[in-house]
Amino acid sequence: MKRLYTLLIIAASIPACAQSDDEEKATEGLAYKVEMQASLSRGDHEPLWLQANKYGLSSLDKSNGYLRAAIERPLTNDVGRKWGWGAGLDVAGAYGFTSKLVVQQAYIEGRWLRGTLTIGSKEYPMELKNQQLSSGSQTLGINARPVPQVRLALSEYWAFPFTNGWLSIKGHIAYGKTTDDSWQKDFTLQQKRYTEGTLYHSKAGYLRIGNDYRFLPVSLELGLEMAAQFGGKTYLSPGTDPIEHEGGLKGMWHAFVPGGSDATETLYQNASGNQLGSWMARLNFDYDTWYLGIYADHYFEDHSSMLFLDYDGYGTGAEWDVKKDNRYLLYSFKDIMVGVDFRLKDNHWINNIVAEYIYTKYQSGPIYHDHTVHMSDHIGGIDDYYNHFYFTGWQHWGQAIGNPLYTAPLYNEDGSINFQNNRFVAWHFGIAGSPNYNLSYRLLATFQKSRGTYAVPYVEPQSTQMLLAEANYSFSYFSKWSGWSIKAAVGADFGRTYGKNLGFQLTIAKTGFIHLNKKKK
């Protein structure tokens with residue numbers, strides 16, 4: 001705790017770089033933030049909702065904390081221009097984390113008209129979900145450290161010409177490289193599977209039907225998010241040669257358009273790398289005094305869960321590998337997250353309510369059987385969400401890149417980097433409010449029943465409850481403490497999956513602007 005007190009004293013003594021001028025616009029300078037956080041828990045780990053969905057700047061250790069400093073020139077400085085540029089640096093010194101120094105964000109970006117090119121590590125929000133109250137997206141979430149990448153994006157909806165604003169699109173495409181090689185070696189002690197030099201790809205497209213400027217306040221958003229891990233090397237066990245994966249331009253192409261095969265596959269070939277994604281939808285009702293959003297997120301790992309259809313018409317005998325019949329296997333539409341996001345715009349005490357239901361137990365069924373000479377049936381089940389035979393799964397620095405209810409590898413005590421619980425049913429609830437201008441709060445409650453995985457199921461289903469109560473006080477703009485805020489949170493876990501944990505977290509932050517064009521008096 002002495003290290004925690006030292007961090008807090010140092011941070012509290014940092015003077016404000018500049019005070020805001022009432023006559024100047026906030027967007028004319030650099031935005032800065034200094035933040036200190038400390039967590040203390042009892043039990044097995046820090047409670048889930050004290051450390052989840054924080055872009056990986058968190059820890060499972062019962063005592064942890066950080067001192068964080070960030071500076072940014074936002075793209076909004078150039079609003080109204082055809083072009084713009086931005087940059088940011090966000091660094092934290094931490095204890096009780098997977099590393100003592102965390103470069104959380106370091107990027108530079110440029111915009112021409114509506115297109116943006118970003119190079120580096122940056123925190124990107126979830127799409128089509130409530131950032132504050134949702135349990136998290138299943139593919140591109142906010143739970144793991146950002147991956148350094150080159151990202152080309154249409155960040156805001158752009159209306160198609162001649163549609164009178166009723167049809168709009170946005171999306172992105174990105175390539176990057178993960179940064180957790182050293183952590184993987186330390187965590188596995190190089191005795192279990194780990195990877196080096198894994199490359200990253202993500203892409204997404206969203207279609208919006210509706211026009212906010214018309215009399216009908218209803219819109220529909222449809223989206224497809226896809227991602228892949230490819231390239232690099234996999235070390236399966238000590239003393240064996242590493243498996244080299246397809247990289248270069250060919251690997252990038254097969255990540256973009258799933259194809260090829262993994263290194264050791266011969267007869268039965270899957271797409272190269274770890275391919276995954278989500279179908280997404282959100283229906284919006286946005287009225288003057290209230291808003292209602294109804295959304296869905298269906299996660300998939302291969303064709304069986306992406307298209308709910310698989311070819312199953314192979315011949316027999318000498319024609320066992322020949323497509324003979326027009327026959328297909330139809331999979332059930334079971335695995336899905338569905339949610340409701342309700343907001344009361346004029347109510348302060350309770351202004352936002354979110355409820356979500358998540359089901360992941362099906363995974364295209366408990367049977368996987370490739371067609372053979374003796375049996376022509378082809379069944380593509382056991383999708384094993386977030387896991388992969390060669391890659392260490394949909395994780396970065398031990399945290400799920402998607403939804404944190406898939407139990408992260410950081411919880412594993414055997415040094416293996418995989419998700420040991422990906423079959424579960426969960427109900428998640430969130431409530432937020434702002435009783436006055438300075439004070440806000442949120443409450444989270446999650447009830448989860450887990451079954452482990454198909455390969456290693458739990459002997460009995462494990463029921464777990466995760467709770468969070470958090471309050472934030474921001475000092476008034478006109479007070480001498482302008483820009484300061486203090487946040488306190490209490491979290492708890494009950495059940496077998498995460499253990500019995502109770503924790504407290506305190507966060508103190510100072511934000512402001514450094515005005516570069518301030519006129520001399």
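Heavy-atom accessible area, probed at 1.4 angstrom with all protein chains present, ranks Leu67, Leu117, Leu48 as Leu117, Leu67, Leu48, highest first. Other residues with beta-carbon under 12 Å from the beta-carbon of Val257 carry, at +1 per Lys or Arg and -1 per Asp or Glu, a net charge of +2. Roughly how far apart, in whole Å, are the Cα centres of the stretch 326-378 and the stretch 413-446? Centre-to-centre distance over Cα atoms comes out at 19 Å.
The heavy atoms of Asp383 present about 20 square angstrom of accessible area, all protein chains included, probe 1.4 Å. What percent does the relative contact order of the stretch 73-162 come to when contacts are Cα pairs within less than 8 Å and at least six residues apart? 23 percent.
Under 5 Å from the amide H of Ile401 lie the amide H atoms of Gln395, His396, each residue being 5 or more positions distant or on a separate chain, with H modelled from the backbone and absent for Pro and chain starts.
Compute log10 of I(q)/I(0) for the stretch 379-450 with the Debye formula, placing one identical point scatterer on every Cα and leaving out solvent, at q = 0.12, 0.14, 0.25, 0.26 Å⁻¹, to two decimals. After summing over all Cα pairs, the log10 values are -0.47, -0.58, -1.12, -1.16.
Remark on Gly259: its backbone amide H falls under 5 Å from those of Ser272, a criterion applied only to residues 5 or more positions apart or on other chains, H modelled at 1.01 Å from N.
Taking Cα centre as origin and charging only the Cβ of basic (Lys, Arg, +1) and acidic (Asp, Glu, -1) residues, the dipole magnitude of the chain rounds to 1940 debye. What is the chain's relative contact order, in percent, from Cα pairs under 8 angstrom and six or more apart in sequence? RCO, the chain: 15 percent. Past the 29 Å Cα-Cα mark, which pairs from Lys62/Lys345; Lys345/Lys500; Lys129/Lys177? Table pairs above 29 Å Cα-Cα are Lys62/Lys345; Lys345/Lys500. Sequence-ordered 3J(HN,Hα) estimates for the stretch 456-468 from the Karplus curve with 6.51, -1.76 and 1.60 and θ = phi - 60° stand at 10, x, 5, 4, 9, x, 10, 9, 9, 10, 10, 10, 8 Hz, glycine and proline given as x. To the nearest 10, the accessible area of Ile382 is 70 Å² with a 1.4 Å probe. Calculated accessible area for the stretch 438-504 comes out at 54 Å² per residue, all protein chains present (probe 1.4 Å; ligands, DNA, RNA ignored). Treating each Cα of the stretch 25-82 as one equal point scatterer and applying the Debye formula with no solvent, the log10 of I(q)/I(0) at q = 0.27, 0.28, 0.31 Å⁻¹ comes out as -1.07, -1.12, -1.24.
For the chain, the fraction of 1.4 Å probe accessible surface lying on carbon and sulfur atoms is 61 percent.
Each 5 Å bin from zero holds the following percent of Cα-Cα pairs in the stretch 411-521: 2, 9, 14, 14, 13, 10, 9, 8, 7, 5, 3, 2, 1, 0, 0. Here Trp112 and His348 are evaluated by their C-beta separation; at R0 = 60 Å the FRET efficiency comes out at 0.90. Note on the stretch 240-359: dipole from Cβ charges, positive end direction compared against Asn326, Tyr287, Val257; the farthest Cα belongs to Tyr287. 3J(HN,Hα) along the stretch 59-74: 8, 8, 4, 5, 10, 7, x, 8, 10, 10, 9, 9, 9, 8, 9, x Hz, from the Karplus curve 6.51 cos²θ - 1.76 cosθ + 1.60 with θ = phi - 60°, whole Hz, x for Gly and Pro.
Rounded to whole numbers, the Karplus 3J(HN,Hα) couplings from phi for the stretch 505-513 are 9, 10, 10, 10, 9, 10, 10, x, 10 Hz, using 6.51 cos²θ - 1.76 cosθ + 1.60 with θ = phi - 60°, and x at Gly and Pro.
The share of alpha-carbon pairs in the stretch 41-157 lying farther apart than 24 Å comes to 36%. Of the residues Phe308, Phe342, the one with the largest accessible area comes first in the ranking Phe342, Phe308, computed with a 1.4 Å probe on protein heavy atoms. With a cut-off of 13 Å between beta carbons, the residues surrounding Asn501 carry a summed charge of 0, where Lys and Arg count +1 and Asp and Glu -1.
Rolling a 1.4 Å probe across all protein chains gives Met337 an accessible area of roughly 0 Å². Computed over the chain, the range of Cα coordinates on each principal axis works out to 90, 62, 43 Å, biggest value leading.
The base-10 log of I(q)/I(0) for the stretch 305-363, evaluated at q = 0.25, 0.26, 0.28, 0.29 Å⁻¹, reads -0.97, -1.00, -1.06, -1.09 [Debye formula, identical scatterers on Cα atoms, solvent excluded]. Remark: relative contact order (the stretch 430-473) = 42 percent; criterion is Cα-Cα distance under 8 angstrom and separation of 6 or more residues. Inter-part distance, the stretch 455-470 to the stretch 64-140, computed on C-alpha centroids, equals 31 Å.
What number comes out for the charge environment of His201, summing +1 per Lys or Arg and -1 per Asp or Glu over other residues with Cβ under 11 Å away? In short, +3.
The values are calculated or read from the model by the stated rules, or taken from the named source; none is laboratory data. Predicted model, so just to flag it, every value in this text is computed and none were measured. Positions of Cβ are generated from backbone atoms using ideal geometry, with glycine treated the same way; all protein chains shown enter the neighbour counts. Side chains are part of the model used for accessible areas, which takes the heavy atoms of the whole protein and leaves out ligands, DNA and RNA. Shrake-Rupley method; radii C 1.70, N 1.55, O 1.52, S 1.80 Å.
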